[in-house]
Amino acid sequence: MAVLWVTVVSSALLSAVWGFGLQASTSDNFGIYGGHEISIEEAPYMVGIYGSTFLYWRFRFKCGGSIIHEKFVVTAAHCAVDFYSIQVAVGSNHLDQGDFMAVDVRITRNYDHSIMFNDICLLKLVNSIQFGPRMAPVQLPEDGFELDTFTMVNVTGWGKTETETPSATTLRQVSVQILPEQYCPIDTVICAGSQGHGTCNGDSGGPLVYNNVLVGLVSYRRQDKCAGPFGTVYMRVASYSKWIKSHLT
């Protein structure tokens, strides 16, 4: 049985700076919008997060995540903390395939679900990942790492697209642009996307990557419809680099 280690400390409520509804994405309506299919070799750090509950013991796909170490995966906190047990699937671009690995410990940092504050979680695996062409870590950014506005970055995930029903089962990726700072004025988040290009429900926890550097983690979108003009809110990984590395060592 996986041990749950979750640190929850009350934080001051943030003001409603977005002006749009918060849409956490853990439903079964998955999807990358405006993208294309890729092989796992093109994003070998990509993993699927599967959860079970007390009432539903079968593991079901919930979110994406990224390999950052032979024994650690990083994802969004809301993808992990509410489930009885968690597994990680590595090494495949097909949903419900790959090597399923048990999670030993879940680690968060002052996560507040009500405002999606510090929506980041480290998953320590029971066994080590054997690296190869289909399973490899993504690079962590240094503290303070930033990209210029409108830099193009890649976000990756599984599922339903704007044209496919039912949900697709192969891994997809889309290039999106970093949006101006006023879209996400808090230093722990970053916004990226454009009309018709971006994420949808179920892509939470997945990687936003620039030149094999993990820039962000999908957290939530700023409008009701997927891939709208205001983009997706991502956890800015550089803001958590020191905290992440302290656990890896």
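Odds and ends about this structure:
- Extreme residue, modelled with the lowest pLDDT, among residues of the range 27-42 that are surrounded by 21 or more Cβ atoms within 10 Å (Cβ to Cβ) and assigned to a loop (DSSP other than H, G, I, E, B): PHE30
- The condition (being under 15 Å from the mean Cα position of the chain (by Cα), open to solvent by 20 Å² or more (accessible area, probe 1.4 Å) and over 20 Å from THR232 (Cα atoms)) is satisfied by just one residue among VAL81, VAL88: VAL81.
- Summed over the range 116-131, the residues that are open to solvent by 30 Å² or more (accessible area, probe 1.4 Å) and more than 17 Å from the chain's Cα centre (by Cα) give a count of 5.
- Pairs linking a residue in the range 132-148 that is charged (D, E, K, R) to a residue that is part of a loop (DSSP other than H, G, I, E, B), with Cβ atoms under 6 Å and 6 or more positions apart or on different chains, are ARG134/PRO44; ARG134/GLY91.
- Qualifying residues in the range 206-244 (those that are modelled with pLDDT of 95 or more and on the phi > 0 side of the Ramachandran plot) - the one most open to solvent (accessible area, probe 1.4 Å): ASN211
- Of everything listed in (1) surrounded by 21 or more Cβ atoms within 10 Å (Cβ to Cβ); (2) under 16 Å from VAL47 (Cα atoms), the single unmet condition for ALA136 is (1).
The values are calculated or read from the model by the stated rules, or taken from the named source; none is laboratory data. Keep in mind that this is a model prediction, so the values were computed, not measured. As a convention, Cβ positions derive from the backbone with ideal geometry for all residues, glycine included, and neighbour counts pool all protein chains shown. Heavy atoms of the whole protein, side chains included, go into the accessibility calculation; ligands, DNA and RNA do not. Shrake-Rupley method; radii C 1.70, N 1.55, O 1.52, S 1.80 Å.
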